[in-house]
Amino acid sequence: MKLLKTAALLLLIVLTSFKTYETKKNPKPNILWVLTDDQRYDAINAFNRILHNRENSALGYVESPQVDKLAQMGTTFINTYCQAQGCAPSRASMHNGRYPFRSGIYQFEYFNNNTDNSYPMLPEEMAKLGYQTFHVGKLGVRIKTLDKGKAKSYPIYQTDISFKLMDTDKLAEWGKVSVLKEIDGIKLKRPIRSVVYFKDASGKIYYKSEQLEKENPQFKGMAKTAYEKYGLFYKYNNQKNEPQTVFGKGVLAGESPQPAGKTRDANYTTAFIEYLKNKNKEFNIGSHAFKGVNPAQPLFAHIGYDFPHTPVLPPAEYRARFHKKNYKIPELSKEEFKKMAKAFQGRVKKSYSDDFTDEEKQLMVRDYYAFCAYGDDLIGKATQEFIEYSNNNKQPWMIVYVCGDHGWKLNEHGSIAKNTPWEIDSHNPIIVVSSDKKKFPKGKVVKDFTEFVDIAPTILNAGGADIHAKEFNHLDGFDLEKVASKKAITRDYVIGESHHAIGPRAYIRTKDYMFSVKTRPNSKRGVKMDWAMTASYKDLDPALYDTKKDPDELNNVAFDKNYRKIAEKMKDKLLSIVIGDGRAEVNWGGDNFGKTTKAIGTKVYRSNFSPGAHDHKLNLK
């Protein structure tokens, strides 16, 4: 018996040594995932060159030397499209690798992980693979978990330096105070909720609140000072173009109160670099302490940048450079607006910009692209530090850069917003750079369709997961490594569905057409799920664009008899997929609408009368 135990122990030592040898021989790569917010693809020179054979945007000058460098170093998936044109549902689709119509996450609802349709998120799976997981910045994944019937926060990254820390510690050039009780030691008459602030380089803070100034006269003029000092330009609230006030919402343009390197996004970059430099040591960001990276473990890190999401506040040096440029501004014609789907018309009306003055239009475009250029520099700093960290530790590495969680209109279709499946809102290329050039070759461009649901399987596969195993059957996307090497199915189309701002609506896009229809009468979950299958064509509020003839998607031909057969085929394909091939809806809030913060519902409603309809093939001839 003693000899058997000794033999078993020796065998265990040999196997452990062999496993250690294999790990050292084929170590798992460090992975950095970079994601920007509301970024149009045409802010990147490399993408303009690939797609349109020009250096700049159709609107004018842009600059992106750092992302261009990533494109040279790695593989660009130029025809990637997002599944939902809103921050929260888009980020959920990336983190869970699932289409909204299968995860049940369609808009800005808070959801839990306690349903029979819930699966671990990407960073949770990476942790199971032995990775340390890190996030800094905006996350936008509104996940909760249930504890005795109550929804509680559920961190999906082991180390999370949240954007909220920027607010609570007032570390950046702007932010929100959830409850403001005093200013400079002076107590307010009563607490004021959700107050925006701007902070300059000297540390002086300017609060923006009409209620604050009405109730506390000693602070009157504070919002006006910030408005004038930083040249703030706010959204108008309706199509009538009411005059701006110093208390407006949504900063479309302005100068950052802080210099380059001291903004929110710069703080995210600094925090990431501090994490890499303080190996197994504590470091501080504001009032919070965090533990630095452990070089003995592979790293999965995610940076969620805020830029160029509003408030659009590029630092002065970038703003000055871009304000020397003049841009060609799109114009909305009466004919285009008249032919739009009603849902699109409604979204345009709520974010109408076509009657801004010429100077206002120039202002918002200049500052948007200036903000993107500033963010590009930060991406360069973060990726370079990551590569150096990996190389210094003799570890392989991979970078996944995603250009925006969706796009943004700069007066295209007469609007300043997102939320529609038009090209400018939904086309978001991805670049993958790897130390293994065989997997993701330098300078390679993949023109096949790819989707945001591909991000999770790509990262999981790189981390050593068998994504073809049963436990990953819920993933909807492909591994981009296989797409690049032509070992994956070639898609004839991409699809998505989003409910926020335009109502429940799905889209399907081929290389020549984009088609979109209403999917439900409202957002009440689990009720009339098959409504679209019997609704009249008119009630579906269709949109069809011939993108080969009409690349700017200005002429809705959904009711043109010459396109009737195309529209019918695309409608049938789209609805059979999003309504009949594994559709899930969940009463996340225990009520009938998606904006709830309750996240206590677990009832899953399903529709699966057309399994296998999503076969990635569509013949329109």
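The values are calculated or read from the model by the stated rules, or taken from the named source; none is laboratory data. Just so it is clear, the model here is predicted, and its values are computed rather than measured. So basically every Cβ, Gly included, is an ideal-geometry build from the backbone, and we count neighbours across all protein chains shown.
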Every residue from the range 419-434 that is under 12 Å from Leu70 (Cα atoms) and among the polar types (S, T, N, Q): Ser434
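Tally up the residues in the range 42-72 that are of a type in the set (A, V, I, L, M) and surrounded by fewer than 19 Cβ atoms within 10 Å (Cβ to Cβ), please.
Narrowing the range 42-72 to residues of a type in the set (A, V, I, L, M): 43-44, 46, 50-51, 58-59, 62, 67, 70-71.
Going one step further and asking which of them are surrounded by fewer than 19 Cβ atoms within 10 Å (Cβ to Cβ), we end up with 50-51, 58.
Residues in the range 42-72 being of a type in the set (A, V, I, L, M) and surrounded by fewer than 19 Cβ atoms within 10 Å (Cβ to Cβ): 3 in total.
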Inside the range 370-399, can you point out the residues that are within 18 Å of Val433 (Cα to Cα) and within 21 Å of the chain's Cα centre (by Cα)? Asp376, Asp377, Leu378, Ile379, Gly380, Lys381, Ala382, Thr383, Met398, Ile399
Only listed residue being free of Cβ contacts under 8 Å to residues at least 24 places away in the same chain and either over 23 Å from the mean Cα position of the chain (by Cα) or buried (at least 23 other Cβ atoms within 10 Å of the Cβ) (or both), chosen from Arg509, Arg520, Arg505, Arg525: Arg520
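Yes/no matrix, rows are residues, columns are (1) modelled with pLDDT under 95; (2) under 26 Å from the mean Cα position of the chain (by Cα):
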position	(1), (2)
Asn216	no, no
Gly221	no, no
Tyr227	no, no
Gly231	no, no
Tyr234	yes, yes
Val246	yes, no
Glu255	no, yes
Arg264	no, yes
Quick one: count up the residues across the range 44-82 that are closer than 24 Å to Ala382 by Cα and acidic (Asp, Glu). 2
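Results for (1) of a type in the set (Asp, Glu); (2) under 18 Å from Ser93 (Cβ atoms); (3) in the same structural domain as Gln66 (by TED's automatic domain parsing); (4) over 22 Å from the mean Cα position of the chain (by Cα), shown as yes or no for each residue.
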{"residue": "Gly414", "(1), (2), (3), (4)": "no, no, yes, yes"}
{"residue": "Pro421", "(1), (2), (3), (4)": "no, yes, yes, no"}
{"residue": "Ile424", "(1), (2), (3), (4)": "no, no, yes, no"}
{"residue": "Glu471", "(1), (2), (3), (4)": "yes, no, yes, yes"}
Members of the range 38-79 found to be of a type in the set (Asp, Glu) and not in a loop (DSSP other than H, G, I, E, B), listed by number: Asp42, Asp68
Hand me the list of strands (runs of 3 or more DSSP E) wholly inside the range 92-211 holding 2 or more residues that are among the charged types (D, E, K, R) and loosely packed, with under 15 Cβ neighbours inside 10 Å. 150-153, 174-183, 186-199
Within the range 552-582, tally of residues that are surrounded by 21 or more Cβ atoms within 10 Å (Cβ to Cβ) and among the basic types (Lys, Arg): 1
Residue that is nearest to Asp572 (Cα to Cα) [pool: residues in the range 538-555 that are in contact (Cβ under 8 Å) with a residue 60 or more places away in the chain and part of a loop (DSSP other than H, G, I, E, B)]: Pro542
Checking Pro315 against (1) in contact (Cβ under 8 Å) with a residue 60 or more places away in the chain; (2) assigned by TED's automatic domain parsing to the domain that holds Gly137: exactly one of these is not met. Which one? (2)
Among the residues of the range 528-548, count how many are touching a Leu at 6+ places or on another chain (Cβ under 8 Å) and surrounded by fewer than 19 Cβ atoms within 10 Å (Cβ to Cβ). 1
Can you pull out the residues in the range 600-612 that are small (Gly, Ala, Ser) and over 27 Å from the mean Cα position of the chain (by Cα)? Ser607, Ser610, Gly612
Among the residues of the range 145-168, is there at least one that is within 29 Å of the chain's Cα centre (by Cα), touching a residue at least 40 places away in the same chain (Cβ under 8 Å) and over 26 Å from Phe111 (Cβ atoms)? no
